[in-house]
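Here is the structure we will look at, set down as structure tokens.
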Amino acid sequence: MRAQDADRLFYYLCGGLALGLILLVIGIGLTLLWGSLPSIKAFGFKFLWGKVWDPVNEEFGALPFIVGTLITSFLALIITFPFAISSGIFLAEYAPPRIAGPLSALIELLAGIPSVIYGLWALFYLVPVVRWFEMRLGAPPFGLGLPTASLVLAIMILPYAASITREVLKMVPQELKEAAYGLGATRWEVIRGVCLPYASSGIVAGLVLSLGRALGETMAVTMVIGNRSEMPTSFWDLANTMASVIANEFTEASKDIHLAALIEVGLLLFVITLLVNILARMVIIRLKVK
Amino acid sequence: MNRLLYRKLKDRLAFFLILVLALCPTLPLFHILLGVVKQGISSISLEFFIHLPKPPGEEGGGVGNAIVGTLMLALSASLLAVPIGILCGVYLSEYAKGRFGEAVRIAADVLQGTPSIVFGIIAYLWVVKPMGHFSAFSGSVALAIMMLPVIVRSTEEILRMIPETLREASLALGVNYWRTVLKVIIPTGLVGITTGILLSLARIMGETAPLLFTAFGNPFWNFNPMQPVEALPLVVFKYAISPYEEWIRQAWGASLVLTGLVLVLNLSARLLARRMGGHGR
Amino acid sequence: MAARTVTDPKELAIFEVRDLWAYYNEKPAIRKVSLKIPEKKITAIMGPSGCGKTTFIRCLNRLHELTPGASIKGEILLRDKNILEMDPVLVRRKIGMVFQRPNPFPTMTIYDNVIAGYKLLGVRLKREEADRIVEEALRKAALWDEVKDSLHKRGTYLSGGQQQRLCIARALAVKPEVLLMDEPTSALDPKSTAKIEELIVELKRSVTIVIVTHNIAQAGRVADYTAFFYLGELVEFGPTSEIFTVPKDPRTEEFLKGKFG
Ligand SMILES: Nc1ncnc2c1ncn2[C@@H]1O[C@H](COP(=O)(O)OP(=O)(O)OP(=O)(O)O)[C@@H](O)[C@H]1O
Ligand SMILES: [Mg+2]
């Protein structure tokens, strides 16, 4: 074999595997679609706004989970937002490098703690706290439910959002900041007037990516959300998210149509996180163009 | 003058607000770590590491089978993902210039952003259903898919940083391209690639969702990849939501072991990355 | 215009370049260059920055075509065989190259760096044979005495000048017929430079050398022949002494007087 042929072969091997990566993603989408066909045929678009999820009577509508997912994720994002931004600013602008380096490493390490452990912690430490509040406020004292799930999600995405904010702020050119200092600006004025505007779209992209994480987070949520497949009617309700209902019911689904409905929920989740990630990517691309 | 005072005051105020807001969230994070250590340490004993679990209600027993299972899953997922991931990374850094490369990168990003439970469904449909039963292998397929994007992107990034002249030095010796890649480029980037692999391992070691309906769990010893297998995160989940006190205690113990594993992986990745940075290739 | 090729008829040419064009993205960087490079001599390639020196010698071992968007036209005969029609990998075994910046393989020891041309190709060498090749190459590169006790240390621990000699040893170890050098001393201090110049003169007994240099004095010290390039064209080629004393082209003269970069 000539040397060039071997090189060509290697090229095709690498290229073939790279193509495989694309096919893998397409395959995942198609498999989910194929797996949910029975459910799609039976319920059509009604699946999206059906409020009843009743495996016994074989009626499936995913709205309760869509709502549960959106409420917990957005709430988590709102709770996290001020803390994440502040942490990012603190690490990038205020903390001396000797502290900032180890501190952000530490935060990233904590971000690596498995989600099931966040769930365990929430179950035994967060739930009592939430219950205490609920009793004070006259809400049903489940301790579990939407508020607890949102809180644990907020804690989980915080390190991620903070480290992206920090990285984006680090990319602000030193000259720009020095120019502002040269004009007599205070540190806060420099941050407010130069750094944050410059980094804004990067920070937004980071938040969108964090939202994507929250949307698909499964275990911690499953452990504290209460697993109730009905439309939530109040903020204190027990609920289910798209991910948690799959985690809960998938192995128990004895009927094909139930399994197909769960797979369709998975398909929805796949599509939604895909869209969210594309959105984040677009923001990042705009950032690069700027 | 007043104006200056006002501005300075605002500056101070902003600083304190940011400081407080920045430090607040570290409290729950540290509390989790401390909680795991405090609650978990009481379970840790030799028995805990090498024994099978006892039936509910009985004292003692361990998570030996889950530790073995987790290692088995990680190993087989790596066997699947590492070679494929590295070669894809090589493709992206060495060959891909145009649209196709961009599509591959997007595919990796999509995989990175997809919730892990989706990979559980996929491995269920691709492996469990055709095989007819749960298995460690199906779990490692799900985990391998999750490792891929991390390995692909980190390999690409590392290889891009390798100076062109090294490649040319090898080619100028009459070494053909694939040998240059395998014997010069990859070894030069090996530290960075290893970092990526360790990070991807840390990512999947603690994953529960993709194992729920693939590896499934197994209260006995199992070394056969075609059979269901226990895993540490599955144990934590099952025990945590169980009504038995002894099990809940062991859930904390398993959490401590799992956290230790993940932190060690993350830390070694970080130390490696620092070593690489220090040497300044 | 047709390039003037002046070669001493007594010398045997190892390379004959005929009407060579080289392009980056359709833009020519080498324009219709023809010249004969004499065997076992040192030929210097000179000219102002960006005139195509690097491009030219990278054509000679077919590294040029690895640059994305680069292409090449014409003939390059190595002992009457057109290398553009040969397997590039074989071409590069016969024609070694030393780069501007020393680039030892950072993952390999000094020893392994020297026999990299075998190791990387998967050629199995017997222990004694490998030892012999390493010693011979390092001796030729005038590095043996300095590193013989640290052969199993990483090549990157050496000084810049030593690294460059290690790269020369690496190129020599596969016994090339021609050694291409692209400004091999421009990243080095004067002392290391002197050492490498000495070495280059020594080497011409066994190998033909083509060296790109910016340094007029260097060309004067080491080169038997000098080619002067300007804007991708070969302006003048001949024995160094002639080119330096009676340049035929005004552009050469200006360059020698230091008029261009
Ligand atoms: N990779 C490339 N892509 C496009 N154009 C290139 C590339 N490399 C070189 N060129 C162009 O080709 C011409 C010749 O470049 P070359 O590097 O051969 O010059 P040189 O004589 O070696 O210069 P120097 O003395 O600075 O090393 C220059 O105009 C340069 O801009
Ligand atoms: Mg050059």
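The values are calculated or read from the model by the stated rules, or taken from the named source; none is laboratory data. Just so it is clear, the structure is predicted and the values come from calculations on it, not from any experiment. FYI the Cβ positions are ideal-geometry reconstructions off the backbone, even for glycines, and counts take in every protein chain you see. SASA here: full protein model, heavy atoms, side chains in, ligands and nucleic acids out. Shrake-Rupley method; radii C 1.70, N 1.55, O 1.52, S 1.80 Å.
For chain B, count the residues as N, evaluate 2.2 N^0.38 Å, and divide the Cα radius of gyration by that value, please. Don't skip to the answer; put the middle values down first.
Values: Rg = 23.5 Å, N = 281, 2.2 N^0.38 = 18.7 Å.
My calculation over the Cα atoms of chain B gives 1.26.
Using only protein heavy atoms and a 1.4 Å probe, how much accessible area in total is buried between B and A, to the nearest 100 Å²? If you can, show how the numbers build up before the last one.
Numbers: alone 16050 and 16320 Å², together 25520 Å².
Chains B and A together bury roughly 6800 Å² of accessible area.
Helix-derived [θ] at 222 nm for chain A: sum -39500 (n - 2.57) over DSSP H runs of at least 4, divide by residue count, nearest 500?
Details: 13 runs with 212 residues, N = 290.
The helix contribution divided over chain A gives -24500 deg cm²/dmol.
For the interface of C with A, what's the total buried accessible surface in square angstrom, probe 1.4 angstrom, rounded to the nearest hundred?
Details: alone 12430 and 16320 Å², together 28500 Å².
Roughly 200 Å².
Taking a probe of 1.4 angstrom, what is the accessible area of residue A:198 in Å², to the nearest 10?
Per-residue accessible area (residue A:198): approximately 90 Å².
In Å², rounded to the nearest 100, what is the total accessible surface buried by chains B and C against each other with a 1.4 Å probe? Walk me through the numbers before you get to the answer.
Working: alone 16050 and 12430 Å², together 26630 Å².
Separately minus together, B and C give about 1800 Å² buried.
Report the dimensions of the stretch B:80-181 along its three principal axes from the alpha-carbon atoms, largest first, rounded to Å.
Largest first, the stretch B:80-181 extends 54, 24, 18 Å along its Cα principal axes.
Just to be sure I follow: if Rg is taken over the C-alpha atoms of the stretch C:154-261 and Rh is the Kirkwood radius over the same atoms, what is Rg/Rh?
Here the Rg-to-Rh quotient is 1.00.
Given the -39500 (n - 2.57) contribution per DSSP H run of 4+ residues, what per-residue ellipticity at 222 nm results for chain B, rounded to the nearest 500 deg cm²/dmol? If you can, show how the numbers build up before the last one.
Values: 12 runs with 190 residues, N = 281.
Using -39500 (n - 2.57) per qualifying helix, the result is -22500 deg cm²/dmol.
Which whole number in µm²/s is D for the stretch A:131-290 by Stokes-Einstein, with the Kirkwood Rh taken over Cα pairs at 20 °C and 1.002 mPa s?
Numbers: Rh = 18.6 Å.
Taking Rh from Cα pairs, D becomes 115 µm²/s.
Taking beta carbons within 10 Å but only from partner chains, what does the mean come to for residues B:117-130? Could the numbers behind the result be given before it?
Working: counts 15, 12, 3, 5, 15, 10, 0, 7, 8, 3, 0, 0, 2, 0.
So the per-residue partner count for this stretch is 6.
Take the alpha carbon gyration tensor of the stretch A:1-83, find the square roots of its eigenvalues, order them as a ≥ b ≥ c, and report rounded if a/c is under 1.5; if not, report prolate when a/b exceeds b/c, else oblate. It would help to have the intermediate numbers written out before the result.
On the way: a/c = 6.22, a/b = 1.86, b/c = 3.34.
Oblate, since a/c reaches 1.5 and b/c is not below a/b.
So what is log10(I(q)/I(0)) for the stretch B:27-125 at q = 0.24 1/Å, when the Debye sum runs over its Cα atoms only?
Once normalised to I(0) and log-transformed, intensities are -1.20.
So what does the Cα-only Debye profile of chain A read at q = 0.08, 0.11, 0.13 Å⁻¹, as log10 I(q)/I(0), no solvent term?
-0.47, -0.80, -0.99
Just to confirm the number: angle between the C-alpha axis of helix C:127-140 and the first principal axis of chain C, 0 to 90 degrees, nearest 10?
So the inclination is approximately 40 degrees.
Which one of B:255, B:242, B:140 has the biggest mean-square fluctuation once chain B is modelled by GNM with Cα springs under 10 Å?
Maximum among the listed residues: B:242.
In whole percent, how big is the carbon plus sulfur part of the accessible area of chain B, probe 1.4 Å, protein atoms only? It would help to have the intermediate numbers written out before the result.
Working: 8150 of 11730 Å².
Reported share for carbon and sulfur atoms: 69 percent.
Which value, in Å² rounded to 10, gives the accessible area of residue A:131 with a 1.4 Å probe and all protein chains present?
Approximately 90 Å² of residue A:131 is accessible to the 1.4 Å probe.
Please give the residues from the stretch B:194-221 for which the solvent-accessible area of heavy atoms, probe 1.4 Å, is smaller by at least 40 Å² with all protein chains in place than with the chain isolated.
B:213
Provide, as a two-decimal number, the C-alpha radius of gyration of the stretch B:187-277 over 2.2 N^0.38 Å, N being how many residues it has. Walk me through the numbers on the way to the answer.
Values: Rg = 16.1 Å, N = 91, 2.2 N^0.38 = 12.2 Å.
Relative to the 2.2 N^0.38 Å estimate, the stretch B:187-277 comes out at 1.32.
Taking the convex hull of the alpha carbon atoms in the protein assembly as shown, what volume per residue do you get, in Å³?
Values: hull volume 182.1 nm³, N = 832.
Cα-based convex hull of the protein assembly as shown, divided per residue, equals 219 Å³.
Using only alpha-carbon positions, what ratio does the radius of gyration of the stretch C:61-203 give when scaled by 2.2 N^0.38 Å?
Working: Rg = 15.7 Å, N = 143, 2.2 N^0.38 = 14.5 Å.
Here the Cα radius of gyration is 1.08 times the empirical estimate.
I need the semi-axes of the equivalent ellipsoid of the stretch A:109-183: take the C-alpha gyration tensor, multiply each eigenvalue by 5, square-root it, list largest first in whole angstrom.
They are 39, 17, 7 Å, listed largest first.
Where Lys and Arg each count +1 and Asp and Glu each count -1, what net charge lies around residue C:99 among other residues with Cβ under 15 Å from its Cβ?
Values: positive: B:167, C:53, C:58, C:92, C:101, C:165, C:170; negative: B:164, B:168, C:182, C:183.
So the surrounding residues net to +3.
Using a Cα-Cα cut-off of under 27 Å, which lysines could be cross-linked to residue A:255, ignoring same-chain neighbours fewer than 8 residues away?
Straight-distance partners of residue A:255: A:41, A:46, A:51, B:129, B:238.
Using the Cα centre of the stretch C:13-257 as the reference point, and only Cβ charges (+1 on K/R, -1 on D/E), how large is the resulting charge dipole? Debye, rounded to the nearest 20. Mind showing how you got there, number by number?
Working: 38 positive and 32 negative charges, 104 e Å.
I would put it at about 500 debye.
Just round it to a whole percent: the fraction of Cα-Cα distances in the stretch C:13-257 exceeding 26 Å. Don't jump to the answer; show the numbers that get you there.
Working: 11514 of 29890 pairs.
Summing the P(r) tail past 26 Å for the stretch C:13-257 gives 39 percent.
List, in the order given, every pair from C:195/C:248; C:36/C:94; C:36/C:204; C:40/C:248; C:27/C:248 whose Cα-Cα distance in the structure shown is over 22 Å.
Values: C:195/C:248 32 Å; C:36/C:94 17 Å; C:36/C:204 17 Å; C:40/C:248 25 Å; C:27/C:248 28 Å.
Too far apart for the 22 Å limit: C:195/C:248; C:40/C:248; C:27/C:248.
Can you return the aspartates and glutamates within cross-link range of residue B:183? Criterion is Cα-Cα under 16 Å, with same-chain partners fewer than 8 residues away left out.
A:7, B:94, B:164, B:168, C:112
Starting from one equal scatterer on each C-alpha and no solvent at all, send me the Debye-based log10 I(q)/I(0) for the stretch A:177-266 at q = 0.11 Å⁻¹, two decimals.
-0.55
What is the Cα convex hull volume of the stretch C:6-139 when expressed per residue in Å³?
Details: hull volume 20.8 nm³, N = 134.
Dividing the Cα hull volume of the stretch C:6-139 by its residues yields 155 Å³.
Mind telling me which of A:91, A:24, A:262 comes out most flexible in a GNM of chain A, alpha-carbon contacts under 10 Å?
A:24
Among B:190, B:182, B:75, which one shows the highest mean-square fluctuation when chain B is modelled as a Gaussian network with alpha-carbon springs under 10 Å?
Of B:190, B:182, B:75, the Gaussian network model singles out B:182 as fluctuating most.
If I compute solvent accessible area with a 1.4 Å probe over the protein chains, what percent of it on the stretch A:1-66 is carbon and sulfur? It would help to have the intermediate numbers written out before the result.
Details: 2540 of 3730 Å².
That fraction is 68 percent.
Mind listing, in residue-number order, the residues in the stretch A:262-277 that have at least 10 Å² less accessible area with every protein chain present than in their own chain alone (1.4 Å probe)?
A:263, A:266, A:269, A:270, A:273, A:274, A:277
Are there any residues in the stretch C:52-83 with a reduction of at least 10 Å² in accessible surface when going from the isolated chain to the assembly of protein chains? Probe 1.4 Å, please list them by number.
Output list: C:58, C:63, C:66, C:68.
How much solvent-accessible surface does residue C:200 expose, in Å² to the nearest 10, with a 1.4 Å probe and all protein chains in place?
0 Å²
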